[in-house]
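Quick notes on the structure that follows.
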Amino acid sequence: MTPTREHRNGLLATTLAFVIWGLFPLYWRLLIEVPSFLIIAHRVIWSAVLLIGGLAIVRGWGWLREVWATPRRFWLLGLSSLLIGANWSLYIWAVNAGHVVETSLGYFINPLLSVVLGVVVLRERLGRLQWLAVALAALGVAWLTWQSGRAPWIAIGLSITFGLYGLLRKLVVVEAVTGLGVESLFMVAPALAYALWAENGHGGGFISGWGWRNDALLVMAGVVSAVPLIAFAYGVRRIPLSVVGLLQYIGPTLQFLIGVLVLHEPFASSQLVGFGLIWAGLAVFAVAGVRAAARSRQRAAAA
């Protein structure tokens, strides 16, 4: 495959991943009759069936032995599975409780929080534009907290769990889909136990109570969860990270538009000020990323 075609395919795959993630609120709202924690349990179960089953068919069990050979990697993936499980749980609950706009805020904040984690944990250095972006986002969150009388806890929780998840996955040297398979192994047992407990007279209705439509949507939740993860893992290795950084705003932008225009969640002018500060921070951050990428290309050409 030529480099140009590789880049094009990577761009399409990564864009597809972010578009699917951005449309997720519409999918989870179709399951509003099902308790949120049971949606999460089925999402984990059917994702694990697809990921672990696919890895076992394509690679056998060598991928698991490879990770288990380094216990530190194995247990760090266990910790990352807790973080992504918490992120999924908070997200689905928030969507079906009518907080889609605030979930979009969490994923707008996330890239800038990741920058801060890079400074604190990885001792990375930031330029002046990047610090300005972080400051604008912090002002936006402070404004929203002052206006509403409470911190946007859903947004903060989503950004922290996903930011820490990304940090751990950066620290664990493992192929993307293999890492997802190991995380699925950690999550599937408690999810299956909870689903079986619920079916034993504690609010469950799979096959017997929620109807075939909801049952089919729950099974398909595994596909709609795994496909963007696989597409992202494929695409991110074929396009520059600066491009990935710009594309990642597709998801929260679609979520925000769905929350306001489709689900008609309230959005006051005072909130627009806070969101505007955060969007300004993201714009500054994107400009800084493009300039850094251009300087890298110039250095590479000179070398």
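The values are calculated or read from the model by the stated rules, or taken from the named source; none is laboratory data. The structure displayed is predicted, hence computed values, not measured ones. As a convention, Cβ positions derive from the backbone with ideal geometry for all residues, glycine included, and neighbour counts pool all protein chains shown. SASA here: full protein model, heavy atoms, side chains in, ligands and nucleic acids out. Shrake-Rupley method; radii C 1.70, N 1.55, O 1.52, S 1.80 Å.
Results for (1) open to solvent by 70 Å² or more (accessible area, probe 1.4 Å); (2) closer than 30 Å to Gly78 by Cβ, shown as yes or no for each residue.
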{"position": "Glu124", "(1), (2)": "yes, yes"}
{"position": "Trp131", "(1), (2)": "yes, no"}
{"position": "Val134", "(1), (2)": "no, no"}
{"position": "Arg150", "(1), (2)": "yes, no"}
{"position": "Trp153", "(1), (2)": "yes, yes"}
{"position": "Thr161", "(1), (2)": "no, yes"}
{"position": "Tyr165", "(1), (2)": "no, yes"}
{"position": "Arg169", "(1), (2)": "no, yes"}
{"position": "Val173", "(1), (2)": "yes, yes"}
>> Ala221 - would you say it is modelled with pLDDT of 90 or more, out of contact with any strand residue (DSSP E or B) (no Cβ under 9 Å at 6 or more places or on another chain) and exposed (fewer than 13 other Cβ atoms within 10 Å of the Cβ)?
In response: no
>> Quick check on my filter: what residues within the stretch 225-247 are surrounded by fewer than 20 Cβ atoms within 10 Å (Cβ to Cβ) and in contact with a Phe, Trp or Tyr (Cβ under 6 Å, 6 or more places away or on another chain)?
In response: Leu247
>> Need the failing condition index for Gly98 against (1) over 23 Å from Gln248 (Cβ atoms); (2) modelled with pLDDT of 90 or more; (3) part of a helix (DSSP H, G or I), just the number.
In response: (3)
>> Return the pair list, or none, for Cβ contacts closer than 7 Å from residues in the stretch 135-153 that are outside any helix (DSSP H, G or I) to residues that are surrounded by 14 or more Cβ atoms within 10 Å (Cβ to Cβ) and not polar (S, T, N, Q), at least 6 apart or on different chains.
In response: Pro152/Glu102; Pro152/Leu105; Pro152/Val141; Pro152/Leu144
> Of all residues in the stretch 175-199, which are open to solvent by 60 Å² or more (accessible area, probe 1.4 Å) and within 12 Å of Trp63 (Cβ to Cβ)?
Replying inline: Glu175, Leu185
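Can you find a residue in the stretch 258-277 that is within 16 Å of the chain's Cα centre (by Cα), under 30 Å from Ala195 (Cα atoms), open to solvent by less than 60 Å² (accessible area, probe 1.4 Å) and not hydrophobic (A, V, I, L, M, F, W, C)? Show your work before the answer.
Here is the first cut: in the stretch 258-277, the residues within 16 Å of the chain's Cα centre (by Cα) are none.
Looking for residues that are within 16 Å of the chain's Cα centre (by Cα), under 30 Å from Ala195 (Cα atoms), open to solvent by less than 60 Å² (accessible area, probe 1.4 Å) and not hydrophobic (A, V, I, L, M, F, W, C), one finds none in the stretch 258-277, hence no.
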> Residues in the stretch 181-196: is at least one more than 20 Å from Gly78 (Cβ to Cβ) and part of a helix (DSSP H, G or I)?
Replying inline: yes
> Any idea which residue in the stretch 203-235 is nearest to the chain's Cα centre (by Cα), counting only those that are more than 14 Å from Ala41 (Cα to Cα) and outside any helix (DSSP H, G or I)?
Replying inline: Trp210
>> Tell me the residue from Arg43, Arg29 that is within 18 Å of Val219 (Cα to Cα), crowded, with 18+ Cβ neighbours inside 10 Å, modelled with pLDDT of 90 or more and of a type in the set (D, E, K, R), please.
In response: Arg43
> Among the candidates Arg65, Arg43, Arg73, which residue alone is assigned to a helix (DSSP H, G or I), closer than 16 Å to Val177 by Cα and either in contact with a helix residue (DSSP H, G or I) (Cβ under 8 Å, 6 or more places away or on another chain) or polar (S, T, N, Q) (or both)?
Replying inline: Arg73
> Residue check, Ala301 against (1) in contact with an Asp or Glu (Cβ under 9 Å, 6 or more places away or on another chain); (2) open to solvent by 30 Å² or more (accessible area, probe 1.4 Å); (3) within 24 Å of Arg5 (Cβ to Cβ), all met but one. Which one?
Replying inline: (1)
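Residues checked against (1) on the phi > 0 side of the Ramachandran plot; (2) in contact with a helix residue (DSSP H, G or I) (Cβ under 7 Å, 6 or more places away or on another chain); (3) at pLDDT below 90:
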| position | (1), (2), (3) |
| --- | --- |
| Ser148 | no, no, yes |
| Ala155 | no, yes, no |
| Phe162 | no, yes, yes |
| Arg169 | no, yes, yes |
| Val174 | no, yes, yes |
